[in-house]
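Worksheet: one structure, shown below.
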Amino acid sequence: MKKLIGPFSQILTMEDLPLSGPLSDDHLIIIRNGGVVFDEEKIIKTGNFDELRKEVSDIIEISSSKVLLPGFIDSHTHICYSGDRSSEFSKRNSGVPYQRILEEGGGIHNTMKATAEASDDELVNSTLLRLDRHFSEGVMTCEIKSGYGSTLENELRLLRIINKIKSLHKSDIIPTCLAAHVKPKDFESNEVYLDSIIDDLIPILRAEKLSTRMDIFTEEKAFSVDESVSYLNKLSNMFDITVHANQFSSGAVKVGVDVGARSVDHLEIINDKEIEYLSKSDTSGVVLPGCSIGLGLPFAPVRKLLDSNCKISIATDWNPGSAPMGDLLTQCSILSSFEKLSSVEIFASITFRAANSLGLSDRGKISPSMIADFIAFDSSDYREILYNQGKMKPSLKCKRGKIYN
Ligand code: NIG
Ligand code: FE
């Protein structure tokens, strides 16, 4: 059944914008006094509300001023976990580095332990709550990584839970296998562990269709460049690839680009040669300001990455260690001030550019045939959204044609 919603003060359609490079707000297509016609699933048409109301009889009329944007997409999270690491947050703030805590058996290993001890129900419910909060803040498509399994069996358990959650939440969930996060304590070497992911986990993952995406944490304290290259080469013709790259040191951007990865994520430490290499590829860079905030480390150089014509999206990295906040819009606002990013650069990076980094072409714009995912903020000027630094939440949400207030 066709419906019309409006009139919106401004609709930011995000149409006709490039997938890479810098953007100025002058490039924005803004429909003023706009309406959107949609059905149970898709957007049919946008345009002037008064014109559209002549064609459509089922009308949802909005009373106050609102700015409409595509539903947000968080392309990098680790929200299926149990436990918290507040004691490590204090420890890091007293000067102990994240990597040292990991090396000494804490960090990711602590979350693996707490996650192993939690029941399936606990994990399902805590992940659903995080998705609820994300949804209330406008995030309607959410990637979720495994990666806190202390054994291969526990990794499979997390992937099965993430898949179960797909049918329990209104958001769209994209599961990613991050078995190659860090070597669980019981395996004798990285090589043995990576081989057993290939031999023992992948066949089950494929048979049960648990994920079409594989990730690895490429870093000295996790998996080396050489280990990552040999692992990813065995996977790249079967899966989409994404890499935790250049968080603490250079090297992994080339690994991701060479293997044709959809995205290389983090990029806090990236040199000019790597930026050029990335800009000449189809691989997206996903930057994670929540991680810089959580660890108190510099942001990825987003201004420079965009000016070098890279494809950039922004995600939360929501996890209990490096990025516990999980608030995409707040993080984007902070990043926009520090990296001098325009509103359209920010909104592109959490809508159609984020969709592209996940290989999705059916969302991220308010445009005919796109999924009817959109969010409205109580304002008549889109610039107020980032200016409010996360305090302004969407007052109306439409997910796949269904309205939530
Ligand atoms: O993207 N760096 C690796 N993985 C996560 C952190 C996971 C954790 O600390 O629990 C990240 O920052
Ligand atoms: Fe991450």
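The values are calculated or read from the model by the stated rules, or taken from the named source; none is laboratory data. The structure displayed is predicted, hence computed values, not measured ones. Heads up, the Cβs are rebuilt from the backbone with ideal geometry, glycines too, and the neighbour counts pull from every protein chain shown.
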**Request:** Scan the stretch 135-176 for residues that are among the charged types (D, E, K, R) and in a strand (DSSP E or B) and jot them down.
**Result:** Glu143, Lys145, Asp172
**Request:** May I ask you to verify whether Phe374 is within 18 Å of the chain's Cα centre (by Cα), surrounded by 19 or more Cβ atoms within 10 Å (Cβ to Cβ) and in the same structural domain as Tyr81 (by TED's automatic domain parsing)?
**Result:** no
**Request:** Might you let me know whether the stretch 177-189 holds any residue that is part of a helix (DSSP H, G or I), under 20 Å from His109 (Cα atoms) and touching a strand residue (DSSP E or B) at 6+ places or on another chain (Cβ under 7 Å)?
**Result:** no
**Message:** With the requirement that a residue be over 14 Å from the mean Cα position of the chain (by Cα) and acidic (Asp, Glu), what does the stretch 117-151 give you?
**Reply:** Glu117, Asp120, Asp121, Glu122, Asp132
**Message:** Six or more apart or on different chains, Cβ atoms under 8 Å: show the pairs whose first residue is in the stretch 158-183 and more than 30 Å from Ser224 (Cβ to Cβ) and not assigned by TED's automatic domain parsing to the domain that holds Ile241 and whose second is at pLDDT 95 or above and surrounded by fewer than 18 Cβ atoms within 10 Å (Cβ to Cβ).
**Reply:** none
**Request:** Among what's in the stretch 194-247 and is of a type in the set (Phe, Trp, Tyr) and more than 20 Å from the chain's Cα centre (by Cα), pick the residue that is nearest to Ile269 (Cα to Cα).
**Result:** Phe223
**Asked** Could you list, in sequence order, the residues of the stretch 271-289 that are in a loop (DSSP other than H, G, I, E, B) and away from ligand 2 (no atom under 16 Å from the Cβ)?
**Response** Asn271, Lys280, Ser281, Asp282, Thr283
**Prompt:** Any residue at all in the stretch 170-181 that is within 16 Å of ligand 1 (Cβ to nearest atom), more than 28 Å from Leu360 (Cα to Cα), at pLDDT 95 or above and over 17 Å from the mean Cα position of the chain (by Cα)?
**Reply:** no
**Request:** Considering only residues that are without any contact (Cβ under 8 Å) to a residue 60 or more places away in the chain and within 29 Å of the chain's Cα centre (by Cα), look in the stretch 13-62 and name the one that is nearest to Lys2 (Cα to Cα).
**Result:** Val37
**Request:** Would you point out which residue out of Tyr98, Tyr81 is modelled with pLDDT of 95 or more, of a type in the set (Phe, Trp, Tyr) and farther than 27 Å from Lys393 by Cβ?
**Result:** Tyr98
**Request:** Go through the stretch 230-261 and count every residue that is in a loop (DSSP other than H, G, I, E, B) and either of a type outside the set (Phe, Trp, Tyr) or over 21 Å from Ala355 (Cα atoms) (or both).
**Result:** 12
**Complete:** The number of residues in the stretch 345-396 that are out of contact with any helix residue (DSSP H, G or I) (no Cβ under 7 Å at 6 or more places or on another chain) and assigned to a strand (DSSP E or B) is 5
**Prompt:** Looking at the stretch 11-35, which of the residues that are surrounded by 21 or more Cβ atoms within 10 Å (Cβ to Cβ) and touching a Phe, Trp or Tyr at 6+ places or on another chain (Cβ under 7 Å) is farthest from Ser336 (Cα to Cα)?
**Reply:** Gly35
**Asked** Looking at this structure, is Gly296 more than 12 Å from ligand 1 (Cβ to nearest atom) and at positive phi?
**Response** yes
**Request:** For Ser336, indicate whether it is among the hydroxyl-bearing types (Ser, Thr, Tyr) and not in a helix (DSSP H, G or I).
**Result:** no
**Request:** Select from the stretch 63-96 the residues that are among the aliphatic types (A, V, I, L, M) and touching a residue at least 24 places away in the same chain (Cβ under 8 Å) and list them in ascending order.
**Result:** Val67, Leu68, Leu69, Ile73, Ile79
**Asked** Looking only at the stretch 351-405, which residues are in contact (Cβ under 8 Å) with a residue 60 or more places away in the chain, touching a Ser or Thr at 6+ places or on another chain (Cβ under 8 Å) and within 27 Å of Leu278 (Cβ to Cβ)?
**Response** Arg353, Ala354, Ala355, Asn356, Ser357, Leu358, Leu360, Arg363, Gly364, Lys365
**Single residue of Ser292, Ser313, Ser333 found to be polar (S, T, N, Q), within 14 Å of ligand 2 (Cβ to nearest atom) and under 25 Å from Pro70 (Cβ atoms)** = Ser313
